[in-house]
Structures are given as structure tokens and as C-alpha cells.
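The values are calculated or read from the model by the stated rules, or taken from the named source; none is laboratory data. The structure displayed is predicted, hence computed values, not measured ones. Note: ideal-geometry Cβ built from the backbone for every residue, glycine included; neighbour counts use all protein chains shown. Side chains are part of the model used for accessible areas, which takes the heavy atoms of the whole protein and leaves out ligands, DNA and RNA. Shrake-Rupley method; radii C 1.70, N 1.55, O 1.52, S 1.80 Å.
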Amino acid sequence: MQVQITLPYQHSQADLETALRHRFGADIPYRILKRSIDARQHRNIRVTYSVTTDTHDPAADFQTLIARQKQQLQSKEVMNARPVVVGTGPAGIFCAYWLRLHGFTPVMLEQGPPMMQRIRDMARFMKQGDLHPWSNICFGAGGAGTYSDGKLITRIRSPFISFVMQTFVDHGAPEEIRYLYNPHLGSNKIRQCIKRLLDSMEESGITIHYNTRFTGYRTSNGEHISGVETHDGQSLDCHALFLATGHSARDVYRLLRHRQAQMSLKEFAIGVRVEHPAVAINQIQYGPKYRELYGSIETAQYRLASTWKEEARAVYSFCMCPGGYVLNASTDSTGVVTNGMSNYRKSGRFSNAAIVVNVSAADLAERGYDGIDGGLALQTELEATFRASVNTPGSSHIVPGQRLQDFLQGESSSSLLDSSCLNPVAPSAMHKLFPEFMYSALRKGFTSFDRKMRGFSSHERAQVFGLESRTSSPYRIDRDRESLRSPSHPNLYPIGEGAGYAGGITSAAVDGIRAAQAYIQMLTGVEGEEMTQKSKHDSEP
Ligand SMILES: Cc1cc2nc3c(=O)[nH]c(=O)nc-3n(C[C@H](O)[C@H](O)[C@H](O)COP(=O)(O)OP(=O)(O)OC[C@H]3O[C@@H](n4cnc5c(N)ncnc54)[C@H](O)[C@@H]3O)c2cc1C
């Protein structure tokens, strides 16, 4: 039986149990499926639980599936070959982890350093501006996931989501992520989980070569990949290659284009990161008296979107970080890129989110960014323009910023207000740096958001930073829908966000498992496995 229980915001575990006893007429075992906050009525903010009496743990189904498949694989000669997984972001990690559970001993290549070195490199970049090309917000142990905000919500549907959550819990995440509507680990907790996961994977027999960049591959008949090459001249034999290099691996895109791997242009989005005092967002979402009414309520979130169908235009918020920090997520010194993070407690003084405009193939073609590489060309060009607006040549240390009111009115800001940005910020006339179609869409978007959340765009302390350009990959590395293999290289599995099949931590992790599972099914000859069939692999918006 499944029931919904709604309680006032301030309640205890005992209140929930009393309500359940009342509903069921007795004390019976239960499992929380979802917990969400309903703040539509500011004077009566409530929490809704979706609870089931079915206490069957889905983790047990995975144990059965893995045990059966492991048995089927046992006698196969291929078990002596080591699959190669490139990239230690969520897609690469969960792919290698699933393979290891089935008895394979994958080799992982990661261009960046292990976690502790990466943390030191990032601290140096924030303070002194020395950007390490392979050790930054996007590159290094754990991939972009390591510095992510740790929001685990996803729009995809897949039975593997519960496996991903359970794996995080097994590596130190709080149990609540299994049932919260909006599970959030924060940068601090996800980093710890990923470190534990990577350490345990190495202990279990997976080899991870850090500071080792994948630079090429050889083929046996022009198609089948027989080996991979690294920047330091190593060469590894390869039976199956899982490419999980993320959306910022521009050298990998260049390599694949050069080798004529089948790829296509993928639509993406570009915009700014907007920041408000967290109190301002709390007051809009919970009402001006939220402190008196609820005491220490969790920092408020928002999700905004406006679409103009006739213009095929959409402006929406993305990666909202309540009580968070604006980050300089640049991966090289040719451009500046922003992003956001928050810690588990969401206790920072500011709240930020990306506000982005969709960029379609037609937008690119109309402006001369033709062909498959058009998205990357626009992305690179704009990042460089934003960088140059506040930095000296060869540096991407300083983040361009502008007061939101000035941005919307087309005026330069003479100074900036206090902000959460961990890198230095400087005023930039960002309204002049966007192509006209993006700037006018952003203005329209902010205007409509102010109607949905009164004071959102007119708040005098709101500021924008840029460029928010790495919302997703500008390419899709094509693959067959069922086998998940590249049409040009039959043993290449392009996976995760960089290949265009995921839009966040959970969907990238699920995609990694799906690819490993597709490989296993190909080897066992058991097609149409229920677990894989149920998954939907569209990328998130
Ligand atoms: C600051 C920030 C905050 C974010 N917050 C969230 C959030 O709260 N929730 C959410 O769902 N998503 C968030 N994301 C997005 C999320 O992190 C990504 O969607 C996810 O990490 C993608 O996983 P991936 O495995 O596909 O690629 P990545 O995590 O990008 O990993 C790719 C890895 O491949 C390595 N690599 C690249 N090229 C090579 C090469 N040639 N050789 C060897 N290694 C290579 C890279 O160094 C990197 O470690 C955030 C991202 C950032 C940057």
C-alpha cells in the first residue's frame, strides 16, 4: 500500500509515525519513497511524504541480476581482457564499478590528478590565478562531479537510479538521498563520497592511472579499436573502450572528428549566473515573515522557465545553488566559464543559478556557425570575449560581473557589490558581449521571471556573472540506441555528459551503468534484459 502524509513544516519523526499509525490502524514497517516541501502558502508551509508498506529493498534485485550475469560471464575468455574506461567522472566511475561487480578488472585513465592534489590546485587557482589545464573544476579525480553542487535529482527514469543512490549511501552519503524529492549532497559531501568510491574501486582491483591523458587510439581494420594511446607514450591493448570524458574535453572531440567517428551537433544553452542574497530568495519563496514562522527553515530554491513557442526560444534556470558560491569553472586560459556550488548545509549568504537561453542549430547556422562544429565555435568565441573583458592576455583568473539592473538596462556597472565568488570579480559590460538574440532573450526571460517571483529581477543587490556556457555538450557522439555502441567503432561506447547522453551526476552515472550493462549483454548473448530496457537515455534539458 502507498499513502501520502502531509505534515506542518516543523514536525518530528514521531509526528510522522503517529500519522502513519493513524492511517494504517497499526504500527507496520514502512519505507519513505519521497519527501517534498510545499511552500505555495507562505503561512502554511508543509512537508508531504509518500510512504509505502512494501519494504522490499530494490538493492536485492541488483544482487540477483549481478550474480546471474557474473555466472554467465565466468567461463568467457574475454574476462582476461581489461576494458578501458577514460574519465573518472560519474559516468566513468559507475561504468567501471558495474564492470568490476561482474568480475572485470577495468583500467581507468584520468588526465587530472588524484583528489587531494586537485583540491590544492584549485585553491591555488582561486587565490593566485594559476589555472592548471588538467586539474580544475571540471578535470581531475571524480570529474566535474567532484566540484558539483551534489544535487542528485534527475529527470530520467531508470531502475538504476536506486542503485546509484544506494552506492552513494554505501560510500558515506546520508540515507535520506534514497527518498528526498530533491536529494542534495553538497560539494563537501559528494567529494568525500567520490573519494571513498574511487579508493574502494582501486582496492577492489581497478587500476586508475591519474595524470594520464588519452590522446589517440589504433584500429585493427579501420573500425575496431585495438588499443589506446596516452600523452606520455604508453599504449594499452583494448577490447572495449568506454569514453566518459565530459563536456569540456575539447581535445577528445578534435581527435574523434579527425578520426571521423560519427558525431552530430547537439543543441545546448548559454547565459549568465545570477546571484541574490539568500535572504531575498527565502523571502520571495517563503514570505517576508518566514523566520518568525518557521525558525531555521532550509534555504529556498527556485526553478524558472519561460518559453516563446513561435520563436522557438526558451530561457530557464539551471543548476540552482541555494546558499551557494559562484565558481570560476574555466578549463583553460583562453576563456572564462562560470558555474555554481553549495555545501550540504546550504548555509552561504547568497543563492545563485544559471539563467540560460537555448541555442539551436538554426541559431548557429543563421550566424555563420555552420556544421557540426558550430556549437563549439560559438561557445569558444564567447568564452574568449568574456575573458578578455576583464583579464590580461593569457589569464582567466577574474570573473566578469555586472549588477542585474545595469545588465537589463544596458548600462555598465561602475562597481560590483559583495558576492560569493571564490575568484576575484570585476565589472564588465556583459550586455554588449552577447549576440543580440541571446541578450534580448535573457532580458525577456528576466522580465517574465520577475512576474513569477516578485522582486527576482528587480532586486537591487542581484548581480550576474559570466559566461555560463558549459551547461551541456555542444556535440553528440553518436551511438546505437540499443547496443550503445558507436556506428563507426563497434567497440567504442561514448557515455555520459560529454557524449551527449546525460545532463547531471545521476543521469551520467546511470548512463555509465547502462553502457557497461549493454557490453555485458552483448557478451552473454542475453538481449532485452529488463533492467536496461526500462531505462530512458535522453539527456536532461
Ligand atoms: C561546478 C559544477 C556544479 C555542478 N553541479 C551539479 C549538480 O548539483 N547536480 C548535477 O546533477 N550536476 C551538476 N553538475 C554537472 C555534473 O557534474 C556533470 O553532469 C557530471 O559530472 C558529468 O559526468 P561525466 O562523467 O559525464 O563527465 P565529467 O564529470 O565531466 O568527467 C569527465 C572526466 O574525464 C576526464 N577526461 C577528459 N578528457 C580526458 C582525456 N583525454 N584523458 C583522460 N581523462 C580525460 C576529465 O578530466 C574528467 O575527470 C555540476 C558541474 C559543475 C562543473
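Here are some notes:
- For the stretch 270-283, filtered to residues that are surrounded by fewer than 21 Cβ atoms within 10 Å (Cβ to Cβ) and of a type in the set (A, V, I, L, M), the residue that is nearest to Tyr439 (Cα to Cα) is Ala280.
- Sole residue being in contact with a Leu (Cβ under 8 Å, 6 or more places away or on another chain), touching a residue at least 40 places away in the same chain (Cβ under 8 Å), of a type outside the set (D, E, K, R) and in the same structural domain as Tyr97 (by TED's automatic domain parsing), chosen from Phe214, Phe139, Phe168, Phe163: Phe214
- Once the stretch 78-105 is narrowed to residues that are more than 14 Å from the ligand (Cβ to nearest atom) and under 26 Å from Tyr253 (Cα atoms), the residue that is surrounded by the fewest Cβ atoms within 10 Å (Cβ to Cβ) is Arg82.
- Sub-9 Å Cβ pairs linking a first residue in the stretch 483-499 that is open to solvent by 30 Å² or more (accessible area, probe 1.4 Å) and at pLDDT 95 or above to a second residue that is within 14 Å of the ligand (Cβ to nearest atom) and among the polar types (S, T, N, Q), at least 6 apart or interchain, are Glu497/Ser472; Glu497/Ser473; Glu497/Ser507; Glu497/Ser539, ordered by first then second residue.
- Test: residue in the stretch 149-161 that is farther than 20 Å from Ile398 by Cα, small (Gly, Ala, Ser) and more than 10 Å from the ligand (Cβ to nearest atom): yes
- Options Asp170, Asp130: the member that is touching a helix residue (DSSP H, G or I) at 6+ places or on another chain (Cβ under 8 Å) and either of a type in the set (D, E, K, R) or open to solvent by less than 10 Å² (accessible area, probe 1.4 Å) (or both): Asp130
- Some residue of the stretch 192-212 being within 13 Å of the ligand (Cβ to nearest atom), open to solvent by 10 Å² or more (accessible area, probe 1.4 Å) and among the aromatic types (Phe, Trp, Tyr): yes
- Any hit, the stretch 109-119, residues being crowded, with 24+ Cβ neighbours inside 10 Å, more than 12 Å from the ligand (Cβ to nearest atom) and assigned by TED's automatic domain parsing to the domain that holds Asn211: no
- Of the residues making up the stretch 430-440, none is under 30 Å from Met263 (Cα atoms), open to solvent by less than 10 Å² (accessible area, probe 1.4 Å), within 26 Å of the chain's Cα centre (by Cα) and of a type in the set (Ser, Thr, Tyr).
- Close contacts from the stretch 363-377, counting a first residue that is at pLDDT below 95 and a second that is assigned to a loop (DSSP other than H, G, I, E, B) and open to solvent by less than 50 Å² (accessible area, probe 1.4 Å), with Cβ to Cβ under 8 Å and a gap of 6+ residues or different chains, come to Arg367/Pro435.
Yes/no per residue for (1) within 8 Å of the ligand (Cβ to nearest atom); (2) in contact with a Phe, Trp or Tyr (Cβ under 7 Å, 6 or more places away or on another chain):
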{"residue": "Arg481", "(1), (2)": "no, no"}
{"residue": "Ser486", "(1), (2)": "no, no"}
{"residue": "Pro494", "(1), (2)": "no, no"}
{"residue": "Gly498", "(1), (2)": "yes, no"}
{"residue": "Ala509", "(1), (2)": "yes, yes"}
{"residue": "Ala516", "(1), (2)": "no, yes"}
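- Condition broken by Gly246, with the remaining ones in (1) buried (at least 22 other Cβ atoms within 10 Å of the Cβ); (2) near the ligand (Cβ under 10 Å from one of its atoms); (3) within 23 Å of Ala81 (Cβ to Cβ) satisfied: (3)
- Entirely in the stretch 345-434, the helices (runs of 4 or more DSSP H) that have 2 or more residues that are charged (D, E, K, R) and out of contact with any helix residue (DSSP H, G or I) (no Cβ under 8 Å at 6 or more places or on another chain): 374-390
- Residues satisfying the stated conditions in the stretch 62-77, i.e. farther than 9 Å from His102 by Cβ, open to solvent by less than 90 Å² (accessible area, probe 1.4 Å) and not in a loop (DSSP other than H, G, I, E, B): Phe62, Thr64, Leu65, Ala67, Gln72
- Residues of the stretch 217-243 satisfying the condition of being under 13 Å from Val86 (Cβ atoms), touching a residue at least 40 places away in the same chain (Cβ under 8 Å) and in a strand (DSSP E or B): Tyr217, Ile225, Val228, Thr230, Leu236, Leu241, Phe242, Leu243
- First in the stretch 22-40 and free of Cβ contacts under 8 Å to residues at least 24 places away in the same chain, second anywhere and among the basic types (Lys, Arg) and assigned to a helix (DSSP H, G or I), Cβ under 6 Å, 6 or more apart: Asp27/Arg21
- Flag if Ala244 is out of contact with any Cys (no Cβ under 6 Å at 6 or more places or on another chain), of a type in the set (Gly, Ala, Ser) and closer than 30 Å to Met122 by Cα: yes
- Counting residues in the stretch 229-243 that are within 23 Å of Leu376 (Cα to Cα) and either of a type in the set (D, E, K, R) or open to solvent by less than 30 Å² (accessible area, probe 1.4 Å) (or both) gives one or more.
- Residues that are among the basic types (Lys, Arg), surrounded by 17 or more Cβ atoms within 10 Å (Cβ to Cβ), more than 23 Å from the chain's Cα centre (by Cα) and outside the structural domain of Ser148 (by TED's automatic domain parsing) do not occur anywhere in the stretch 356-369.
- Among the conditions (1) within 8 Å of the ligand (Cβ to nearest atom); (2) over 28 Å from Arg213 (Cα atoms); (3) open to solvent by less than 30 Å² (accessible area, probe 1.4 Å), Gly186 misses just one, which is (1).
- Among the residues of the stretch 19-34, those that are surrounded by 13 or more Cβ atoms within 10 Å (Cβ to Cβ) and within 38 Å of the chain's Cα centre (by Cα) comprise Ala19, Leu20, Tyr30, Arg31, Ile32, Leu33, Lys34.
- Candidate set from the stretch 293-330 (those that are β-branched (Val, Ile, Thr) and not in a strand (DSSP E or B)); member that is nearest to Ile281 (Cα to Cα): Thr299
- Scan of the stretch 225-243 for residues that are closer than 30 Å to Ala329 by Cα and either outside the structural domain of Asn211 (by TED's automatic domain parsing) or away from the ligand (no atom under 14 Å from the Cβ) (or both), ordered by number: Gly233
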